[in-house]
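Trainee: Once you've had a glance at the structure underneath, I'll fire off some questions.
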Number of protein chains: 2
Amino acid sequence: MKAIVQTTEGDPAALELQEVPKPTLQPGEVLVKVAASGVNRADLTQAEGNYPPPKGASDILGLECAGEIADAGDTNREVGEKVGALLVGGGYAEYVAVPEGQLLPIPEGFSFAETAAVIETACTVWSNIVMEVGLSKGETILIHGGGGGIGLMAIQIAKAIGATVAVTAGSAEKLEVCKSYGADILINYKEQDFAEELKNQCDVILDIVGGPYLKKNMFALAKGGRMITIGLQGGNKAEINMGVMMMKDISLHGTTLRRRSPEVKAEIVRQTVKNVWPMLEDGRVKNHIHETLPLADAAKALNHLVESSHTGKVVLVQ
Amino acid sequence: MKAIVQTTEGDPAALELQEVPKPTLQPGEVLVKVAASGVNRADLTQAEGNYPPPKGASDILGLECAGEIADAGDTNREVGEKVGALLVGGGYAEYVAVPEGQLLPIPEGFSFAETAAVIETACTVWSNIVMEVGLSKGETILIHGGGGGIGLMAIQIAKAIGATVAVTAGSAEKLEVCKSYGADILINYKEQDFAEELKNQCDVILDIVGGPYLKKNMFALAKGGRMITIGLQGGNKAEINMGVMMMKDISLHGTTLRRRSPEVKAEIVRQTVKNVWPMLEDGRVKNHIHETLPLADAAKALNHLVESSHTGKVVLVQ
């Protein structure tokens, strides 16, 4: 089959479409013929050599896709069924093997590209802001990096839950996009100190920055606040004052969706389909595709993330 | 009324029984005539000047008591009803004002002293290891300071839940007491490295040390592990690697029971009575009183904590 192969280790520009062996199915897996693959920041980090795939996973990039079942393996699925899939890797390819628990239905009225654009962000946002830290109606959430794929999804899901949404972003243009997706409080981190603006106000923070923001995030958390860190774009080390955690009844959480067990992923997929798919189908949550590109242009797709110039998702189609 | 008054600020030895004004009741409060008051490490910290009472609270020491209702205020309680009470302060006195939601029934067959010995530890342990971080059957919990009042309560509640219990303590004698209360894994922190012994094995950690143990605690946490910090005996500052939190799906929690809102305290009291009182009444959780002393000997009682020589609780009786 055709797949994107990295020809120089650590160089995200060195990606070529080449012939590789088709994956073989393990028990409980189906083979999906990929029609569209979502592009995520984690793909870029992996291509740069800083996010090795978990043991046993494909070394081909790609954490989400949509397409048709080409081989149902030992499952009761039907060949030809149209599905989305949450992947541990392998999405930038013609075929990918997927544990059945990580298959998702195509939302009503959605194309393959629209489906592939939404799986990783929807599962990431729902599992973290709801399943992990219990965002609820009437609470305030701060979403760092509001203009990215995760950010725009988080804004919309949080608004659908009934939360007040604050976002940070690095330009007035990105903040305008956040606003158009429902964000209530807009903070340009290049011009404003989010911690001062939101002192003791945030019930939940969705963090992608890590170390350099820890102290400020703890300052912005309200009593009983919960922070969930899903990215470390600023680095992983920080000094922490555990007395602040105690005095404010704070909890700090960290996760990576990719490294969770297949059982946990299946539960995340189940709850995401149950809760977020209706939001997609009735338009409360909109799909924001920045650009679709042919699979062969994977390097160009990752370069969009390097430049950090886009809002929304990039999708590779076949 | 008589109450313990601190005659030299910051000196836990300078405690005298003196005449002070009786507390006046706020709406929703009852007046309890105190028969017995539990002694907690937080009392010592407060007497040393390092744990000021929350705004509006009594500056008299004492976070738990048992006795009889002397004035029901605007509530429907009966004068003469025997009760326990979770306090924000004021327990080392003849009378104390208590929000009705913080009253607890006397467990069947318990004396006032036995009741006063158990309230703060039971509410602290249940609210933290169950309500905050969800310890469940089959999981492993590490309890630091297993030989103290909180430690012995935590061992027994965790065993009653069906968890495997590891403890740290600083002497073979204390570890023997922990074992007699059900602890499965005994670690002398002066001779062993708990992090090496329990690497990646702890689903829950109940922490009273803070900063100096953070890195080791994160090393000992299993994937999906949760740590709850309720004391900072070693200090509040630490360096944290947030990457470890993400890779292991860890969460870190901090609380102080005392600073929680009356509404949260009432819910904690309700759930503790519902879940822990039956364990006390059928003997699954035993009450461990180290010594009872007259109220006038409050300084001597706190000195037991300075020396850290005891296991179990000290109770002041009138």
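Trainee: Amide H to amide H under 5 Å from B:Val30: which residues, 5+ apart in sequence or cross-chain, H placed 1.01 Å off N in plane?
Mentor: Those lying under 5 Å, H to H, from B:Val30 are B:Val98, B:Glu100.
Trainee: If you take every residue apart from A:Glu108 with its C-beta less than 14 Å away from the C-beta of A:Glu108, what net charge results, scoring Lys and Arg +1 and Asp and Glu -1?
Mentor: -1
Trainee: Compute the Rg/Rh shape ratio of the protein assembly as shown: radius of gyration over Kirkwood radius, all on alpha-carbon atoms.
Mentor: 1.05
Trainee: Hey, can you rank B:97-104, A:92-99, A:55-62, A:14-21 by average C-beta count inside 10 Å, highest first?
Mentor: Descending packing order for the listed peptides: A:92-99, B:97-104, A:55-62, A:14-21.
Trainee: Please average, across the residues of B:218-225, the number of beta carbons from any other chain that are within 10 Å of each residue's own beta carbon, and give a whole number. Don't skip to the answer; put the middle values down first.
Mentor: Working: counts 0, 0, 0, 0, 0, 4, 4, 0.
The shielding value for this peptide is 1.
Trainee: Compute the relative contact order of chain B as a whole-number percentage, counting only Cα pairs closer than 8 Å that sit 6 or more residues apart in sequence.
Mentor: Over chain B, the number comes to 19 percent.
Trainee: Using only Cα atoms, tell me the angle between helix B:298-307 and the longest principal axis of chain B; keep it within 0 to 90° and round to the nearest 10.
Mentor: Helix B:298-307 sits roughly 10 degrees off the main axis of chain B.
Trainee: I've got another one for you. If R0 is 35 Å, what FRET efficiency do you get for B:Tyr51 and A:Asn50 from their C-beta distance, rounded to 0.05? Could the numbers behind the result be given before it?
Mentor: On the way: r = 43 Å, r/R0 = 1.24.
Once the sixth-power term is evaluated, E becomes 0.20.
Trainee: Ignore the peptide's own chain and count Cβ atoms of other chains within 10 Å of each Cβ in A:230-237; give me the average, rounded.
Mentor: Average per residue, whole number: 3.
Trainee: Shifting gears a bit: What trypsin sites (Lys or Arg not before Pro) does the range B:181-216 have in DSSP loop regions with at most 15 other beta carbons within 10 Å?
Mentor: Sparse-neighbourhood loop trypsin sites (Lys or Arg not before Pro): B:Lys190, B:Lys199.
Trainee: At 222 nm, what value in deg cm²/dmol follows for the protein assembly as shown if DSSP H runs of at least 4 each add -39500 (n - 2.57) and the sum is divided by all its residues, to the nearest 500?
Mentor: -7500 deg cm²/dmol
Trainee: Run the simple label-point estimate for B:Glu68 and A:Glu68 please: 7 Å along Cα→C-beta, distance reported in nm.
Mentor: With each label placed 7 Å out from Cα toward Cβ, I get 8.4 nm.
Trainee: Specify the inter-centroid distance of the range A:27-44 and the range B:70-130, based on alpha-carbon positions, in whole Å.
Mentor: Centre-to-centre distance over Cα atoms comes out at 58 Å.
Trainee: While we're here: Measuring from a point 7 Å out along Cα→Cβ, what nm distances, shortest first, does A:Gln233 have to its partners in the other copies?
Mentor: Counterpart label points of A:Gln233 in the remaining copies fall at 4.3 nm.
Trainee: Report, as an integer, the average count of C-beta atoms from other chains found within 10 Å of each Cβ along A:252-262.
Mentor: The shielding value for this peptide is 5.
Trainee: To the nearest 20 debye, what is the magnitude of the charge dipole of the range B:105-244 about its Cα centre, counting +1 on the Cβ of each Lys and Arg and -1 on the Cβ of each Asp and Glu?
Mentor: Roughly 320 debye for the range B:105-244.
Trainee: Along Cα→Cβ at 7 Å, what distances in nm separate the B:Lys179 label point from those on the other copies, shortest first?
Mentor: 6.9
Trainee: Looking at chain B, what % of its DSSP beta bridges pair antiparallel, to the nearest 5? Provide the component values of the computation, followed by the final result.
Mentor: On the way: 29 of 55 bridges.
Restricted to chain B, the bridges split so that about 55 percent are antiparallel.
Trainee: If you don't mind, there's one more thing I want to ask. Put a dot 7 Å past each Cα toward the Cβ at B:Glu267 and A:Gln192; how far apart are the dots in nm?
Mentor: The modelled label-to-label distance comes out at 3.0 nm.
Trainee: What is the distance in Å between the Cα centroid of the range A:204-258 and that of the range B:172-194?
Mentor: 33 Å
Trainee: Only sites in a loop by DSSP and with at most 11 other Cβ atoms within 10 Å count here; which GluC sites (Glu not before Pro) in the range B:104-198 make the cut?
Mentor: Within the range B:104-198, the qualifying GluC sites (Glu not before Pro) (loop, at most 11 other Cβ atoms within 10 Å) are B:Glu108, B:Glu191.
Trainee: Could the peptides A:71-81, B:200-210 be put in order, highest first, of the mean number of other beta-carbon atoms found within 10 Å of their residues?
Mentor: Result, highest mean Cβ count within 10 Å first: B:200-210, A:71-81.
Trainee: Relative to the longest principal Cα axis of chain B, at what angle does helix B:262-281 sit, 0 to 90 degrees, rounded to 10?
Mentor: Between helix and principal axis, roughly 80 degrees.
Trainee: Once the Cα atoms of helix A:149-161 and of chain A are each reduced to a long axis, what angle between those two axes, in degrees from 0 to 90 to the nearest 10, is obtained?
Mentor: Tilt of helix A:149-161: around 60 degrees.
Taken together, the values in this text are just the output of simple stated rules run on the coordinates, not laboratory data. From a predicted model like this one, the values you see are computed outputs, not experimental measurements. Note that each Cβ is placed from the backbone with ideal geometry, even for glycine, and that neighbours are counted across all protein chains shown.
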